[in-house]
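The structure appears below as structure tokens.
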Amino acid sequence: MRIIQVENQAAGGRVAFELLKEKLAEGANTLGLATGSSPLSFYEQIVESDLDLSDLTSVNLDEYIGLSGENPQSYRYFMQEHLFNQKPFKKSFLPNGVAEDVEMETRRYNQILVEHPVDLQILGIGTNGHIGFNEPGTSFDSTVHVVDLEQSTIEANARFFDKIEDVPTQAYSMGIRNILNSKSIILFAYGASKAKAIAGTVEGPITEELPGSALQKHEDVVIIADKEALSHLKK
Ligand code: GLP
């Protein structure tokens with residue numbers, strides 16, 4: 001794992017943008033994208049650049065169950081708003097939060113990942129160490145699946161909703177195995193609330209109790225973080 005300490009989120013976005021350009025020059029054509037506040041400065045860099053994404057494919061990590069793409073709290077809407085409207089990809093995939101058949105949607109999304117292997121996966125991390133929506137206890141062998149969100153995740157994400165009752169309790173998420181299948185990974189973490197999760201991800205035992213620790217098994221992971229998020233590291 002490579003750790004790049006940055007001054008702030010804006011600087012992190014710039015560093016990641018440079019890494020993206022390197023990967024594109026090496027032939028990357030499928031990006032795995034994430035929502036949340038952590039990747040925002042990276043998306044801003046892309047939007048402000050003259051980069052053309054129209055030959056690339058994107059595959060998102062996760063989506064809430066029960067929210068359609070027109071719902072402003074859905075991850076589809078978030079991606080439209082922050083990236084896709086300004087910089088359209090050739091194709092952009094997200095799970096369909098209102099699919100009638102949940103089993104079938106799970107299989108469909110897995111198949112999309114088989115057909116579009118990810119070259120560069122963008123990740124944030126939950127305060128409990130989740131990546132995507134893979135909560136503690138998720139098997140490292142997991143593929144796309146339905147997740148019952150932990151109370152702490154619901155509370156953390158409530159800030160985007162009018163009231164906590166509006167936060168969906170389930171989501172589709174790429175599994176840990178899908179994430180590890182990506183050729184390379186960039187994980188963003190900012191702020192003291194992420195310090196424990198980052199310590200476990202980087203130095204902790206590799207355990208399903210801390211999903212981020214699975215990344216220790218991957219050869220090409222870059223963590224872009226501020227001082228606060230790195231403050232629990234021993235080395
Ligand atoms: C959500 C998302 C994750 C994200 C996490 C952290 O739970 N499903 O993909 O990494 O939030 O979000 P933030 O970057 O806003 O702290």
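Strands (runs of 3 or more DSSP E) wholly in the stretch 163-235 with at least 3 residues that are within 15 Å of the chain's Cα centre (by Cα) and over 21 Å from His145 (Cα atoms) - which ones?
184-189, 221-225
Which pairs turn up if I take residues in the stretch 117-139 that are part of a loop (DSSP other than H, G, I, E, B) and near the ligand (Cβ under 8 Å from one of its atoms) and look for partners that are charged (D, E, K, R) and open to solvent by 20 Å² or more (accessible area, probe 1.4 Å) with beta carbon separation below 8 Å, at least 6 apart in sequence or on another chain?
Qualifying pairs under 8 Å: Ile125/Lys194; Thr127/Lys194; Thr127/Lys196; His130/Glu150.
Do we find that Ala189 is modelled with pLDDT of 95 or more and within 15 Å of the ligand (Cβ to nearest atom) in this structure?
In short, yes.
How many of the residues in the stretch 140-184 are aromatic (Phe, Trp, Tyr), modelled with pLDDT of 95 or more and either within 13 Å of the ligand (Cβ to nearest atom) or open to solvent by less than 10 Å² (accessible area, probe 1.4 Å) (or both)? Give the steps one after another, and end with the answer.
Start the filter on the stretch 140-184 by keeping residues that are aromatic (Phe, Trp, Tyr), which leaves 140, 160-161, 172.
Keeping just the survivors that are modelled with pLDDT of 95 or more gives 140, 172.
Applying the additional criterion that residues be either within 13 Å of the ligand (Cβ to nearest atom) or open to solvent by less than 10 Å² (accessible area, probe 1.4 Å) (or both) yields 172.
Residues flagged as aromatic (Phe, Trp, Tyr), modelled with pLDDT of 95 or more and either within 13 Å of the ligand (Cβ to nearest atom) or open to solvent by less than 10 Å² (accessible area, probe 1.4 Å) (or both) within the stretch 140-184 amount to 1.
Among the candidates Ser37, Ser41, Ser92, Ser74, single out the residue that is farther than 17 Å from Lys183 by Cβ, within 14 Å of the ligand (Cβ to nearest atom) and in contact with a Leu (Cβ under 9 Å, 6 or more places away or on another chain). Steps first, please.
Numbers: Ser37 fails: in contact with a Leu (Cβ under 9 Å, 6 or more places away or on another chain); Ser41 fails: in contact with a Leu (Cβ under 9 Å, 6 or more places away or on another chain); Ser92 fails: within 14 Å of the ligand (Cβ to nearest atom).
Within the list Ser37, Ser41, Ser92, Ser74, the selection yields Ser74.
For the stretch 36-79, give me each residue that is of a type in the set (S, T, N, Q) and open to solvent by 20 Å² or more (accessible area, probe 1.4 Å).
Result: Ser37, Gln45, Ser49, Ser54, Ser68, Asn71, Gln73.
The values are calculated or read from the model by the stated rules, or taken from the named source; none is laboratory data. Here the structure is a predicted model, which is why all the values come from computation and not from measurement. Positions of Cβ are backbone-derived with ideal geometry, glycine not excepted, and every protein chain shown enters the neighbour counts. Areas reflect the complete protein model, heavy atoms only, side chains present, ligands, DNA and RNA absent. Shrake-Rupley method; radii C 1.70, N 1.55, O 1.52, S 1.80 Å.
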